[in-house]
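Structure, as C-alpha coordinates:
The values are calculated or read from the model by the stated rules, or taken from the named source; none is laboratory data. The model shown is predicted, which means the values in this text are computed figures rather than measured ones. For neighbour counting, all protein chains shown are included, and Cβ atoms are generated from backbone atoms with ideal geometry for every residue, glycine included. Accessible surface areas use protein heavy atoms only, side chains included; no ligands, DNA or RNA. Shrake-Rupley method; radii C 1.70, N 1.55, O 1.52, S 1.80 Å.
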Amino acid sequence: MEMINAIGRRKASVARVYLTKGQGNIKVNGKDYKEYFPQIHVQSSVTDPFTTVNLEANLYDVKINVDGGGYKGQAEAVRMGISRALVTLNADFRKLLKEKKYLTRDARQVERKKYGKPKARKSFQFSKR
(Lines give C-alpha, C1' and ligand atoms only; values in the text may rest on other atoms or scores of the structure.)
Protein backbone atom coordinates (compact mmCIF):
# COMPACT_ATOMS: atom_id res chain seq x y z
CA MET A 1 0.00 0.00 0.00
CA GLU A 2 1.61 3.18 -1.16
CA MET A 3 -1.13 5.79 -1.17
CA ILE A 4 -4.89 5.49 -1.48
CA ASN A 5 -6.88 8.51 -2.60
CA ALA A 6 -10.63 9.04 -2.61
CA ILE A 7 -13.10 11.88 -3.05
CA GLY A 8 -15.98 12.74 -0.72
CA ARG A 9 -18.71 15.26 -1.47
CA ARG A 10 -21.49 16.91 0.54
CA LYS A 11 -23.53 19.99 -0.45
CA ALA A 12 -20.97 22.36 -2.01
CA SER A 13 -17.95 20.74 -0.30
CA VAL A 14 -15.41 18.50 -2.00
CA ALA A 15 -12.78 16.62 0.01
CA ARG A 16 -9.79 14.86 -1.55
CA VAL A 17 -8.44 12.27 0.90
CA TYR A 18 -4.99 10.64 0.75
CA LEU A 19 -4.41 7.64 3.04
CA THR A 20 -0.87 6.40 3.75
CA LYS A 21 0.81 4.28 6.43
CA GLY A 22 2.02 6.44 9.30
CA GLN A 23 1.59 7.60 12.88
CA GLY A 24 -2.06 8.69 12.79
CA ASN A 25 -1.77 12.33 11.75
CA ILE A 26 -4.93 13.75 10.22
CA LYS A 27 -4.17 16.99 8.38
CA VAL A 28 -6.92 19.09 6.81
CA ASN A 29 -5.64 21.83 4.47
CA GLY A 30 -2.23 21.69 6.19
CA LYS A 31 -3.62 21.99 9.74
CA ASP A 32 -4.42 19.36 12.35
CA TYR A 33 -8.08 18.34 12.07
CA LYS A 34 -8.75 19.44 15.69
CA GLU A 35 -7.50 22.89 14.82
CA TYR A 36 -9.38 23.06 11.50
CA PHE A 37 -12.66 21.75 13.01
CA PRO A 38 -12.74 23.22 16.56
CA GLN A 39 -16.23 21.86 17.34
CA ILE A 40 -16.06 18.49 19.13
CA HIS A 41 -19.15 17.00 17.44
CA VAL A 42 -17.67 17.83 14.04
CA GLN A 43 -14.27 16.34 14.99
CA SER A 44 -15.95 13.05 15.87
CA SER A 45 -17.60 12.85 12.43
CA VAL A 46 -14.11 12.98 10.86
CA THR A 47 -12.86 10.01 12.91
CA ASP A 48 -16.12 8.00 12.84
CA PRO A 49 -15.12 5.75 9.89
CA PHE A 50 -12.07 4.51 11.81
CA THR A 51 -14.09 3.73 14.95
CA THR A 52 -16.84 2.05 12.91
CA VAL A 53 -14.44 -0.50 11.42
CA ASN A 54 -12.50 -0.89 14.73
CA LEU A 55 -9.32 0.35 13.07
CA GLU A 56 -6.95 2.51 15.06
CA ALA A 57 -6.49 5.85 13.36
CA ASN A 58 -2.85 5.87 14.52
CA LEU A 59 -1.95 3.26 11.86
CA TYR A 60 -2.56 5.65 8.97
CA ASP A 61 -1.76 9.23 8.07
CA VAL A 62 -4.60 11.07 6.38
CA LYS A 63 -3.95 14.18 4.29
CA ILE A 64 -7.10 16.01 3.22
CA ASN A 65 -7.71 18.92 0.87
CA VAL A 66 -11.21 20.28 1.35
CA ASP A 67 -12.88 23.15 -0.46
CA GLY A 68 -16.29 24.83 -0.58
CA GLY A 69 -19.30 24.91 1.70
CA GLY A 70 -19.43 25.32 5.46
CA TYR A 71 -17.67 23.44 8.25
CA LYS A 72 -20.41 20.80 8.67
CA GLY A 73 -20.60 20.03 4.96
CA GLN A 74 -16.81 19.88 4.79
CA ALA A 75 -16.63 17.49 7.76
CA GLU A 76 -19.19 15.15 6.20
CA ALA A 77 -17.37 15.29 2.86
CA VAL A 78 -14.17 14.31 4.70
CA ARG A 79 -16.03 11.45 6.43
CA MET A 80 -17.24 10.14 3.07
CA GLY A 81 -13.76 10.41 1.55
CA ILE A 82 -12.14 8.53 4.44
CA SER A 83 -14.85 5.85 4.23
CA ARG A 84 -14.24 5.37 0.51
CA ALA A 85 -10.49 5.12 1.10
CA LEU A 86 -11.02 2.48 3.81
CA VAL A 87 -13.23 0.44 1.47
CA THR A 88 -10.44 0.55 -1.12
CA LEU A 89 -8.04 -0.64 1.59
CA ASN A 90 -10.26 -3.57 2.68
CA ALA A 91 -13.53 -4.54 0.95
CA ASP A 92 -14.87 -6.13 4.17
CA PHE A 93 -15.31 -2.64 5.68
CA ARG A 94 -17.97 -1.81 3.06
CA LYS A 95 -20.87 -3.49 4.90
CA LEU A 96 -20.16 -1.72 8.21
CA LEU A 97 -19.72 1.70 6.60
CA LYS A 98 -22.77 1.28 4.35
CA GLU A 99 -24.98 0.49 7.39
CA LYS A 100 -24.01 3.84 8.93
CA LYS A 101 -24.61 5.55 5.52
CA TYR A 102 -21.06 6.91 5.34
CA LEU A 103 -20.78 5.85 1.68
CA THR A 104 -24.05 7.52 0.60
CA ARG A 105 -23.73 10.81 -1.24
CA ASP A 106 -26.12 13.39 0.23
CA ALA A 107 -27.02 15.26 -2.95
CA ARG A 108 -29.20 17.97 -1.41
CA GLN A 109 -28.13 21.36 -2.76
CA VAL A 110 -29.28 24.88 -2.02
CA GLU A 111 -32.13 25.81 -4.36
CA ARG A 112 -31.41 28.78 -6.59
CA LYS A 113 -33.09 32.15 -6.06
CA LYS A 114 -35.87 32.95 -8.55
CA TYR A 115 -36.47 36.40 -9.98
CA GLY A 116 -39.37 38.37 -8.47
CA LYS A 117 -38.86 36.67 -5.09
CA PRO A 118 -36.62 37.53 -2.13
CA LYS A 119 -35.39 33.92 -1.74
CA ALA A 120 -35.91 30.63 -3.57
CA ARG A 121 -39.60 30.20 -2.65
CA LYS A 122 -40.44 32.99 -0.22
CA SER A 123 -42.78 35.65 -1.61
CA PHE A 124 -43.18 39.28 -0.72
CA GLN A 125 -46.12 40.08 1.58
CA PHE A 126 -49.41 40.10 -0.32
CA SER A 127 -51.56 43.20 0.04
CA LYS A 128 -55.17 43.10 -1.19
CA ARG A 129 -55.57 46.89 -0.92
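The candidate values are [x] 40; [y] 36; [z] 56; the one derived from this structure for percent of Cα pairs over 23 Å apart carries the label [y].
Average accessible surface for the chain: 66 Å² per residue, computed with a 1.4 Å probe over protein heavy atoms with every protein chain in place. Largest mean-square fluctuation among N65, N54, N25, in a Gaussian network model of the chain whose springs join Cα atoms under 10 Å apart, belongs to N54. Shown here for the stretch 57-119: chymotrypsin sites (Phe, Trp or Tyr not before Pro) in loop regions (DSSP other than H, G, I, E, B) with at most 14 other Cβ atoms within 10 Å, namely Y115. Rounded to the nearest percent, how much of the accessible area of the chain (1.4 Å probe, protein heavy atoms only) is carbon and sulfur? The computed percentage sits at 50.
Under a Gaussian network description of the chain, with springs only between Cα atoms under 10 Å, the residue in G69, G30, G116 that fluctuates furthest is G116.
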